[in-house]
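Quick notes on the structure that follows.
The values are calculated or read from the model by the stated rules, or taken from the named source; none is laboratory data. Since the structure is predicted, the reported quantities are computational estimates derived from the model, not experimental observations. Here the Cβ positions follow ideal geometry from the backbone for every residue, glycine too, while neighbour counts run over all protein chains shown. SASA here: full protein model, heavy atoms, side chains in, ligands and nucleic acids out. Shrake-Rupley method; radii C 1.70, N 1.55, O 1.52, S 1.80 Å.
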Amino acid sequence: MDKLLITGGKRLVGDVTISGAKNAALPILCAGLLTAGDVVLDNVPHLHDVATMLKLLGQTGLAVQQDGERVVLNGSAIDKLEAPYELVKTMRASILVLGPLLARFGEAKVSLPGGCAIGSRPVDQHIKGLQALGAEITIDAGYIYAKCKKLKGARIVTDMITVTGTENLLMAATLAEGETILENAAREPEVTDLANLLVAMGAQISGIGTDRLVIQGVPELHGASHSVISDRIEAATFLCAVAATGGDITLHNTRTDIMDAALDKLREIGLQMTIDKDTIRAQMDARPNPVTFRTTEYPGFPTDMQAQFMAVNTIANGASRVTETIFENRFMHVQEMNRLGAAIETDGNTAFIKGVDQLVGAPVMATDLRASASLVIAGLAAKGETLIDRIYHLDRGYDRMEVKLQAIGANISRIK
Ligand code: EPU
C-alpha cells in the first residue's frame, strides 16, 4: 500500500491547475448509459474513482474510449444491466447506474452499497423516488432488483437533500413518460453540471440550479459533448494548504463563482486572494485566524471541506468550533490530527479546536478521502516528517495531488 512522506515547513509558491470535479464526473459518466449516441466528455480527472466507474460501465457493454482527459462513451451495445458487489463496495457512487439503466432498459440489478467510514449513508431515497416513478423494486441477497415497463413522471419530495439521490432521479426522469417534479432537490454545482449535459443530450429540464427540478420526459436522448466542471473541493483544498503553510500560489481552471462559502472562510482566515473568473492568486504571510462554521448543503459550507479547514484551525491563533451536519461520523481525522499535536475535542457532531503554535510530524493513517487531504495539509504545516498511510483514499478523489504539491515546492513523496 502506498504511503506519503511529507517533510513539513515549506512555503508553497507557484501555479496549480485544478482538475475536473470528481463528483460531477461520476454521475456524468453514468449519463452515457442513457443514449445510444456518442457522449464526448472533456476535463475528466485522473482518479481512481473514475477508473472504477469506467470499469463498471464497461461491464454493462458501454463502449469506453479514454485519451488523457477526454472520454468518449457509446451506449449502443449495452447488454448487462448490472452493478456487481465487487465494484459497488469500493465506490458508493456506483448506485448512479441504477436510474439510467432502469429508465432506458426497464431493468437493473445493483448491489446495495454497504456502510462507509463517514456514516451509514443509506440509499432509501433513491429507491423511494424510483418507486414513485413506477419501478418495482425488491431487495434480495444484498442486491437491488428494479423493474418497470416504462417509468411514469411523478412529484417526488425527498426526505432530505441528497446529491446522488437527486442525480439518479433526474437521470431516470429524463426518459420517463410525462412530467416529473423533484422537490427538495440538491443544488450542488455538480448536479447542475449533470443537468446541463442532459439538456445537451435532448432532455427537457427546468429549474436547473434550484431545489425544484421539473423534467418533461422524452422518448430518447442523443449524444452530446460536455466539459466537466472544475473541482471546487480540490481548489479549496489547495487554498487551505497555502493558508496553513504560508506562500503565494495561483490556481488555474477554477470556477470561483461556485466557491463562495469556502472563499468567505478563507478570507476570515486571513488568506489574501485576487480572484478572476477562472484563476485565484492566494497569498499568506501570517498565522491563520481560527474560523467557526457548520457544514450544510450548497450553497452553504461543504462537508467535503470540513476536514481541510479543521487542519488550518489546528494551528490558528485562537479557538474555533466546527459542526458537521451532513454525515454522522465525519471526524475520523480528529484523532490523527491530535497525534500531530493538535488540540481537538469532540462532543457529538461538534469539534472544539484550540490552535497550537506548531504541529509536529508523526505517522498517521488516512481513513477517508477528505480526511486524507486534511492530513496532507497538517503534514505540510508540521515540523519534521509525517508519514501518511492508506493514501489510496486520496487517489480516489485527487488528481495526482503530490505531483501538484511538489511543483509548488512541497517536500512530499510517494513511497510504494
Ligand atoms: N441520505 C439518506 N438516504 C438517502 C440518501 C442520503 O439518508 O437515500 C443521507 C446520507 O446518509 C447523508 C445525507 O443524506 O447523511 C446527504 O447525503 P447525500 O446523498 O447528499 O450524499 P451522497 O450523494 O452519497 C455526495 C458526494 C459526497 C458528498 C455528499 C454531500 C458524490 C459521488 N458524493 O454523496 O462526496 O460528501 O454528496 O455533499 O457526489 C467526497 O467527495 O468526499 C464525498 C463523500
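Annotations for the structure displayed:
- Scope segment 204-219; condition of a type outside the set (A, V, I, L, M), in a strand (DSSP E or B) and touching a residue at least 12 places away in the same chain (Cβ under 8 Å); matching residues: GLN204, ARG212, GLN216
- Members of segment 392-416 found to be among the basic types (Lys, Arg) and either crowded, with 24+ Cβ neighbours inside 10 Å or closer than 17 Å to LEU251 by Cβ (or both), listed by number: ARG400, LYS404
- Of all residues in segment 347-376 being within 16 Å of the ligand (Cβ to nearest atom) and of a type in the set (Gly, Ala, Ser), the one that is farthest from VAL242 (Cα to Cα): GLY348
- Qualifying residue in segment 104-113 (condition: touching a residue at least 40 places away in the same chain (Cβ under 8 Å), more than 13 Å from the ligand (Cβ to nearest atom) and either within 29 Å of THR367 (Cα to Cα) or part of a helix (DSSP H, G or I) (or both)): yes
- Check on ALA77, open to solvent by 20 Å² or more (accessible area, probe 1.4 Å), more than 13 Å from the ligand (Cβ to nearest atom) and at pLDDT 95 or above: yes
- Residue list for segment 163-195, restricted to those being touching a strand residue (DSSP E or B) at 6+ places or on another chain (Cβ under 7 Å) and assigned to a helix (DSSP H, G or I): THR166, LEU169, LEU170, ALA173, THR174, ALA195
- Selection count where residues are more than 18 Å from ASP264 (Cβ to Cβ), more than 16 Å from the ligand (Cβ to nearest atom) and either crowded, with 22+ Cβ neighbours inside 10 Å or under 18 Å from the mean Cα position of the chain (by Cα) (or both), scope segment 303-333: 2
- Scanning segment 114-125 for residues that are of a type in the set (A, V, I, L, M, F, W, C) and more than 9 Å from the ligand (Cβ to nearest atom) returns a single hit, ALA117.
- Selection status of VAL16, at pLDDT 95 or above, within 16 Å of the ligand (Cβ to nearest atom) and either of a type in the set (Val, Ile, Thr) or open to solvent by 10 Å² or more (accessible area, probe 1.4 Å) (or both): no
- Looking only at residues of segment 348-391 that are at pLDDT 95 or above and among the polar types (S, T, N, Q), we find that the one that is surrounded by the fewest Cβ atoms within 10 Å (Cβ to Cβ) is GLN358.
- Filtered residue count, segment 272-302, keeping only those that are of a type in the set (Val, Ile, Thr), within 16 Å of the ligand (Cβ to nearest atom) and surrounded by 20 or more Cβ atoms within 10 Å (Cβ to Cβ): 1
- Subset of segment 141-161 that is more than 21 Å from GLY217 (Cβ to Cβ) and either out of contact with any strand residue (DSSP E or B) (no Cβ under 7 Å at 6 or more places or on another chain) or open to solvent by less than 80 Å² (accessible area, probe 1.4 Å) (or both) - its residue that is nearest to the ligand (Cβ to nearest atom): MET160
- The residue pairs whose first member lies in segment 383-408 and is on the phi > 0 side of the Ramachandran plot, whose second member is part of a loop (DSSP other than H, G, I, E, B) and hydroxyl-bearing (Ser, Thr, Tyr), and whose beta carbons are closer than 9 Å, counting only pairs six or more residues apart or on different chains, are ARG390/THR367; ARG400/SER19.
- Residue list for segment 247-261, filter: touching a residue at least 40 places away in the same chain (Cβ under 8 Å) and open to solvent by 10 Å² or more (accessible area, probe 1.4 Å): ASP248, THR250, HIS252, ASN253, ARG255, ILE258, ALA261
- Of the set (1) open to solvent by less than 40 Å² (accessible area, probe 1.4 Å); (2) more than 23 Å from the chain's Cα centre (by Cα), all apply to THR138 but (1).
- The set of residues in segment 318-340 that are more than 22 Å from VAL376 (Cβ to Cβ) and touching a Lys or Arg at 6+ places or on another chain (Cβ under 9 Å) comprises GLY318, ALA319, ARG321, THR323, THR325.
- Residue in segment 183-193 that is within 14 Å of the ligand (Cβ to nearest atom), among the hydroxyl-bearing types (Ser, Thr, Tyr) and closer than 26 Å to PHE331 by Cα present: no
- Residues of segment 126-140 that are in contact (Cβ under 8 Å) with a residue 24 or more places away in the chain, near the ligand (Cβ under 8 Å from one of its atoms) and within 17 Å of PRO100 (Cβ to Cβ): HIS126 alone.
- Output for segment 199-217, where each listed residue is open to solvent by less than 30 Å² (accessible area, probe 1.4 Å) and within 16 Å of the ligand (Cβ to nearest atom): LEU213
- Residue in segment 362-376 that is over 24 Å from THR303 (Cβ atoms) and of a type outside the set (S, T, N, Q) present: yes
- Test: residue in segment 143-155 that is part of a helix (DSSP H, G or I) and closer than 24 Å to ASN196 by Cα: no
- Residue count, segment 114-142 (criterion: of a type in the set (S, T, N, Q) and assigned to a helix (DSSP H, G or I)): 2
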